[in-house]
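Accompanying notes for the structure given below.
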Amino acid sequence: EAGVTQSPTHLIKTRGQQATLRCSPISGHTSVYWYQQALGLGLQFLLWYDEGEERNRGNFPPRFSGRQFPNYSSELNVNALELEDSALYLCASSLSQAYSYEQYFGPGTRLTVT
Amino acid sequence: GDSVTQMEGPVTLSEEAFLTINCTYTATGYPSLFWYVQYPGEGLQLLLKATKADDKGSNKGFEATYRKETTSFHLEKGSVQVSDSAVYFCALSERGTALIFGKGTTLSVSS
């Protein structure tokens, strides 16, 4: 069974540009979570999508947004990039919260803002 | 709000030594508790979990017991190997919502 996949592996952008990160969940999983792992800040929750709807978002500005597609894959968009957005962005998936609380992570996208 | 506190690292051990990484939590409800491991250059792997008080999660020789009375979920392994060198994260989740992580503990095992 294929795990969670993310693309691209690495992304280099300039300050002020937009970045788009993609995630494909494990087959059968309907929930997708996004986390940011920045140096010195640990792992912080960004966004949670379930069944195509945004269920919750963490303490991040509105320029962090995303969506979930009908096939449950997800996209994270970061607008007006700032230097401090440089981080590893991790996507996780799980079955609907009614059935399982385990989240399985992808390998991440390393975003570098210069 | 909910939070997780785990011991600061790095933890440096010799091969076959006993490992304990302490983790305590604060939660308003009855969370599920997890340990994740991150090897260099990789994403997070679920190591073990416990969903209710007194549950013991175990995997690959690692164990942790959900202690509601002390709000703890300490990770233990009886004999570590060099291949166990990684960063270990304790985390909680209430009813399938977002994971709240501790800051991570770096384990370095030498032969």
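No lab work stands behind these numbers, since they all come straight from the coordinates. Just so you know, these numbers come straight off a predicted model, no measurement behind them. Note: ideal-geometry Cβ built from the backbone for every residue, glycine included; neighbour counts use all protein chains shown.
How much length is gained on full extension from B:Glu94 to B:Thr51, taking 0.36 nm per residue of separation minus their Cα-Cα distance?
Here the answer is 14.5 nm.
Pairs on different chains or at least eight residues apart, Cα atoms closer than 25 Å: how many lysine pairs in the protein assembly as shown fit?
17
Using DSSP to call loops (not H, G, I, E or B), can you name the GluC sites (Glu not before Pro) in the range A:25-114 whose Cβ has at most 15 other Cβ atoms within 10 angstrom?
A:Glu51, A:Glu82
How much net charge surrounds B:Gly102 when only other residues with a Cβ under 12 Å from its Cβ are counted (Lys, Arg +1; Asp, Glu -1)?
Result for the local shell: -1.
Run through the DSSP bridge list for chain A and note the antiparallel percent, rounded to the nearest 5.
90 percent
Residue by residue, what Karplus-based ³J(HN,Hα) values in Hz, rounded to whole numbers, does the range B:21-32 have, using 6.51, -1.76 and 1.60 with θ = phi - 60° and x for Gly and Pro?
Working through the residues one at a time gives 10, 7, 9, 10, 9, 10, 8, 7, x, 10, x, 8 Hz.
Among B:41-54, B:96-109, how do they line up by average Cβ neighbours within 10 Å per residue, starting with the highest?
B:96-109, B:41-54
Give the peptides B:4-14, A:6-16 in descending order of average Cβ contacts within 10 Å, highest first. If you can, show how the numbers build up before the last one.
Working: B:4-14: 15.6, A:6-16: 12.7.
Listed from highest to lowest mean packing, they are B:4-14, A:6-16.
Sort out for me the Cα centre separation of the range B:12-29 from the range A:58-114, rounded to whole Å.
Comparing the Cα centres of the range B:12-29 and the range A:58-114, I get a distance of 28 Å.
Compute the Kirkwood hydrodynamic radius of chain A, taking the inverse of the mean of 1/r over all pairs of distinct Cα atoms, and give it in Å to one decimal.
After inverting the pairwise mean of 1/r, the radius is 14.0 Å.
Counting other Cβ atoms within 10 Å, keep those with at most 13, restrict to DSSP loop, and tell me which chymotrypsin sites (Phe, Trp or Tyr not before Pro) in the range A:1-104 are left.
Qualifying residues, ordered by number: A:Tyr99.
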